[in-house]
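Visitor: After the structure tokens below, expect a handful of questions from me.
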Amino acid sequence: MPKKYESKNAFIVQNQMKLMFVKFFIAVCVIFSILSFFTVNSSQANTLNQSQSYSPNTNNDKINVKRPQTYDEIIHKANLKHKINKYYLKTDLKNKRKFTIKVKKKLYTYKKDNLLNKLSIYSKGKRLRCIKIIKGNHINSFELTNHNYVTANKDFVKLI
């Protein structure tokens, strides 16, 4: 009986050693990948881009380099680029009490201005009478005369 017990212990110890080695190997790989992410090639560091400038008048001949944009700044600029004039605004109405829109693409109507539950579909070319523009958190919508809502996206509707 003791021999069997000793072999189980040896088996458990051997497996624990393997597990420790695997954990150590993973930790080394993670540290190596983090360090390689933050290092810069010496050839990249010595070259100047067109957006960078060299000014010899500063102390110790330092290179004035523009700070590179972060990922969030690039995405923010791209989002702003696409959001400009995407939806009709109240200023586009020119103080009209009621106005007409023409459907450019297949358009769904909704019961509430949050545009979540679809009611019906209007096909391309249909003209709709609207009462007002509702400004939402991320999207604007038109309120129709039947008190249903459609999007104010310029890709889907045209203000007449």
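Just so you know, all these numbers are worked out from the coordinates, no wet-lab data involved. Keep in mind that this is a model prediction, so the values were computed, not measured. Here the Cβ positions follow ideal geometry from the backbone for every residue, glycine too, while neighbour counts run over all protein chains shown.
Visitor: Please list, in order along segment 99-115, the HN-Hα scalar couplings obtained from phi with the Karplus expression 6.51 cos²θ - 1.76 cosθ + 1.60 (θ = phi - 60°), rounded to whole Hz, x for Gly and Pro.
Guide: After applying 6.51 cos²θ - 1.76 cosθ + 1.60, I find 8, 10, 10, 10, 7, 8, 10, 3, 10, 9, 9, 9, 7, 10, 6, 7, 6 Hz.
Visitor: Under 5 Å between amide hydrogens, which residues at least 5 positions from Val157 or on another chain qualify, with H placed 1.01 Å from N in the peptide plane?
Guide: Amide H neighbours of Val157, under 5 Å, 5+ apart: Lys104.
Visitor: Then there's this: Taking 0.36 nm per residue of sequence separation and subtracting the Cα-Cα distance, how much length would be gained by fully extending the chain between Gln16 and Lys154, in nm to one decimal?
Guide: On the way: separation 138, 0.36 × 138 = 49.68 nm, distance 6.38 nm.
Between Gln16 and Lys154, full extension yields an extra 43.3 nm.
Visitor: Then there's this: For Phe32 and Ile139, what is the calculated FRET efficiency with R₀ set at 41 Å and r taken between the beta-carbons, to the nearest 0.05?
Guide: Working: r = 46 Å, r/R0 = 1.12.
Calculated value: 0.35.
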